[in-house]
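Participant: One structure, as structure tokens, below. Some questions next.
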Amino acid sequence: MLFVGASTNHAQRGVVSFWNLNNNSHHRATITDGSKSRARLYWKEALFVLWAMAIVGVLLDSFRGIYDPARVMMRQQVAMNITATNHNHLQKLVEPRKVFVDLGANCGNSFLKLLKSKRDALTYDWEAYLWEPSPQMMQFFLNDDFVKTYPQVTIIPKAAGARDETLQLYYNKGQENVSDKSQFKDKGVCDPKSIQNPSGGTSLLKESKAVGTVSVAVPVVDFAKWLKNLGLQQENGDRLLLKIDVEGAELEILDRLLSDEFDDICLAEKINIEWHEGLFPKRSPLHVKHQEFKKSFTVRLQKKCNRKIPVGYWH
């Protein structure tokens, strides 16, 4: 499983269960750019018009030679109040956003696992972004039928990375030329209860022991920049749940998220990661690099965010 890259700022909803976070909302489905973002825009425009009308009134009084200090002061105070309370109005009128991001969605099994969980299941008011770069997964699993069934989901068919570029995606050994679902592992069953998945070890890293020699060029998107452009705000009470299972590509992405340039990872309530040092020969440079990063990640995250963010392990 690998993760994919960027889409535009969609605002849809979907929610997570295995993080054991209580939420009693009802289920809803949306896939286009969110109504919440449009609500913010409409209220901003309305408040701006009111503010502008107050200012215009002051100017008209001046031009007409009607200078009533009390009247002008009243208009100025109205304009100041509208400006000062603009942010507070938006905060009250628009509910906090709830976002689940799945890097390395594979066939969608992680999403399905959370969706069908008995407690804290993905509910209508969460946006769900499933990143998966494999053309095989797009063709057989994360296709139009999947979105029609779960329209709260936004599929991002690109690879997530540390920069915008194009890289080779190497298919899992034995699955290089799949033409039917039954040719995948476990006969192509997308089982949310199983740790196995159809995509196997498909990876951007050709050094991985799980991949073969057949590859396909895929677009890679700067994930940290994409997350920043998503526009989540801590002061608005926005929430973020992040799952990462990208077959060895996690180091570059996480390292960039921890850089001084970005703070959005600190919005996460929990991060679930599958680490992949085992994909590389023991004591090889990549194996050692992955082990050292894994050991230091939680400490670096806490230091950056000035709080302890739970870091779980996927599978």
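Participant: Note down the accessible area of Ser179, probe 1.4 Å, to the nearest 10 Å².
Facilitator: 80
Participant: Taking R0 as 25 Å, what's the FRET efficiency between Asp255 and Val216 from their Cβ-Cβ distance, rounded to 0.05? Walk me through the intermediate numbers first.
Facilitator: Values: r = 26 Å, r/R0 = 1.02.
For R0 = 25 Å, the calculated efficiency reads 0.45.
Participant: Which whole-percent values make up P(r) of segment 177-228 when all C-alpha to C-alpha distances are grouped in 10 Å steps starting at zero?
Facilitator: Taking all Cα pairs of segment 177-228, the binned fractions are 19, 37, 35, 9 percent.
Participant: Then there's this: Beyond 21 Å, how much of the Cα-Cα pair distribution for segment 144-221 remains, as a whole percent?
Facilitator: For segment 144-221, the fraction of Cα-Cα distances above 21 Å is 41 percent.
Participant: Straight distance only, please: which aspartates and glutamates reach the Cα of Lys289 with their own Cα at less than 16 Å, same-chain residues fewer than 8 apart left out?
Facilitator: Result set, ordered by chain and number: Glu207, Glu247, Glu250, Glu252, Asp255, Glu274, Glu277.
Participant: To one decimal place, what Kirkwood hydrodynamic radius in Å is obtained for segment 194-254 from all pairs of distinct Cα atoms?
Facilitator: 14.4
Participant: Using all alpha carbons of segment 193-315, what is the percent of pairwise distances in each 5 Å bin, ordered from the shortest bin to the longest?
Facilitator: 2, 9, 18, 22, 19, 15, 9, 4, 1, 0
Participant: If you average 1/r over all unlike Cα pairs in segment 99-243 and invert the result, what Kirkwood radius do you get in angstrom?
Facilitator: It works out to 16.1 Å.
The values are calculated or read from the model by the stated rules, or taken from the named source; none is laboratory data. All values derive from a computational prediction rather than experimental measurement. All Cβ positions, glycine included, derive from the backbone under ideal geometry; neighbour counts span all protein chains shown. Side chains included, ligands, DNA and RNA excluded: accessible areas come from the protein's heavy atoms. Shrake-Rupley method; radii C 1.70, N 1.55, O 1.52, S 1.80 Å.
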